[in-house]
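Structure, as structure tokens:
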Amino acid sequence: MDSRALFLLAFFCSLTFLSSWVDKLERDAFGIKAGVSLEGVEVERLLPEELEEVVRGIALPHQKLPVEPRLDKNTGQVISEEMGSTVDIEATLAQLWSSSPGQNIELAKIPLAPRHNSAEIQDAHKAIIGSYSTWFHGSAARYQNIAAAMRGVNNTLVWPGQLFSFNEVVGPRTPERGYLPAPVILNGGLDVGYGGGVCQVSSTVYNAALAANLTVVERHGHSKPVHYVPEGRDAAVDYGGVDLKFRNNRSTVIIIKSYLNNGRLYIELRGAEQD
């Protein structure tokens, strides 16, 4: 190796040593104290920007949204609410900077409470605020579609001010979800489509909402009269298209109950006795 190459090697080695020495001085002066950890993860001698990045990474799995109480769709049992939490990054950083050598710091968590509680749902079981029923007629496929849609709306909660959308609650009427081809009204005539008969369920829900004096936001009539409700009292629905929507204009939660009995569809809207 010639003298020039040796000089360059020595020069770069000295730069590396100098950089390492400066970094050590900086961390000794401005980094986190020795032995400090956060939730068991060592963070000693980290500089401010490095520390904030590490804290945010450790905090991420501890962020949890609260869960509102709800009903089991099959059994109707109340599933209790769950608390959530978020992490106060600034408060956590402040604790780390003021910590003593060797100290383990826990994340500064802020509890997040759900907006509602299980007691509100229990109160809603006390009274029927609106109901309606219609007679079933048609094929076995139409009955299966109606039964599937009735299961979809059963045990649905509509919180105060919340908008109920039939299509969102019931979901797409596809064969994978148990729906069969059955007669549907289309452009003033009859056709066959998956989910034929579901409009009888939406129409029954619509009339129950009217009986409860709820605010109907969207409703569409069929292109020809239907046999299961009086004229002008039907509510056509088509997933991805027309919908039935109403808003809970009460101050308490509403529970939608649905059941089939002896060839009849029943929809009950239950709520607190006094609103």
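Amide H contacts of Glu81 (H built 1.01 Å from N, in plane; Pro and chain starts excluded): Ser118 sit under 5 Å, all sequence-distant by 5 or more or on other chains. Were the residues from His137 through Ala29 laid out at 0.36 nm apart, the gain over their Cα-Cα distance would be 30.6 nm. Placing a pseudo-label 7 Å from each Cα along the Cα-to-Cβ vector at Glu39 and Gln162 gives an inter-label distance of 3.0 nm. I'm spelling it out carefully: the read-out is Kirkwood radius over Cα pairs in Å, the candidates are [x] 23.7; [y] 20.2; [z] 18.8, and one was derived from this structure. Which label? Correct label is [x]. Computed from backbone phi with θ = phi - 60° and the Karplus coefficients 6.51, -1.76 and 1.60, the 3J(HN,Hα) list for the stretch 31-38 is x, 5, 4, 4, x, 6, 9, 10 Hz; x is used for glycine and proline.
Please work out the FRET efficiency for the pair Asp123 and Glu90, using the Cβ-Cβ distance as r and a Förster radius of 45 Å; give the result to the nearest 0.05. Efficiency for this residue pair is about 0.65. Amide H to amide H distances under 5 Å link Gly130 with Leu269, where only residues 5 or more positions off or on other chains count and H is placed in the peptide plane.
Note on the chain: with neighbouring protein chains present and a 1.4 Å probe, carbon and sulfur make up 54 percent of its accessible heavy-atom surface. Across the stretch 65-78, computed HN-Hα scalar couplings (Karplus, 6.51 cos²θ - 1.76 cosθ + 1.60, θ = phi - 60°) run 6, x, 10, 6, x, 8, 10, 5, 4, 8, 9, x, 6, 6 Hz from first to last residue, x flagging Gly and Pro.
Restricting the stretch 48-152 to GluC sites (Glu not before Pro) that sit in a DSSP loop and have at most 16 other Cβ atoms within 10 Å of their own Cβ leaves Glu106. Accessible area per residue for the stretch 231-275, computed on protein heavy atoms with a 1.4 Å probe, is 48 Å².
Springs join every pair of Cα atoms under 10 Å in this Gaussian network model of the chain, and among Pro48, Pro66, Pro160 the largest mean-square fluctuation is at Pro48. Taken one residue at a time, the phi angles of the stretch 160-169 give Karplus couplings (6.51, -1.76, 1.60, θ = phi - 60°) of x, x, 6, 9, 8, 10, 4, 5, 5, 6 Hz. Gly and Pro are set to x.
Computed from point charges on the beta carbon alone (+1 for Lys and Arg, -1 for Asp and Glu), the dipole magnitude for the chain about its Cα centre is near 1340 Debye.
Listed cross-link partners Lys224/Lys245; Lys109/Lys257; Lys73/Lys245 are compared with a 27 Å cut-off, the Cα-Cα value being larger for Lys109/Lys257. Where only DSSP H runs of four or more residues are counted, the chain gives -10000 deg cm²/dmol as its mean residue ellipticity at 222 nm, each run worth -39500 (n - 2.57). On the beta carbon distance between His62 and Ala113, with R0 = 22 Å, the FRET formula returns roughly 0.85.
Accessible surface calculations at 1.4 Å, restricted to protein heavy atoms, place the stretch 24-167 at 54 Å² per residue.
Once you place label points 7 Å from the Cα toward the Cβ at Glu176 and Thr215, how far apart are they in nm? With each label placed 7 Å out from Cα toward Cβ, I get 3.6 nm. Helices assigned as whole DSSP H runs in the chain whose Cα atoms extend at least 24 Å along their own long axis and whose mean Kyte-Doolittle hydropathy is -0.5 or higher are found at 3-30.
The solvent-accessible area of Tyr206, taken with every protein chain present and a 1.4 Å probe, is close to 20 Å². Taking Cα centre as origin and charging only the Cβ of basic (Lys, Arg, +1) and acidic (Asp, Glu, -1) residues, the dipole magnitude of the stretch 196-275 rounds to 60 debye.
The values are calculated or read from the model by the stated rules, or taken from the named source; none is laboratory data. The structure presented is a predicted model; accordingly, all values stated were derived computationally and were not measured. Using ideal geometry, Cβ is built from the backbone for each residue, glycine included, and neighbour counts are taken over all protein chains shown. Note: accessible area is taken over every heavy atom of the protein model, side chains too, but ligands, DNA and RNA are not part of it. Shrake-Rupley method; radii C 1.70, N 1.55, O 1.52, S 1.80 Å.
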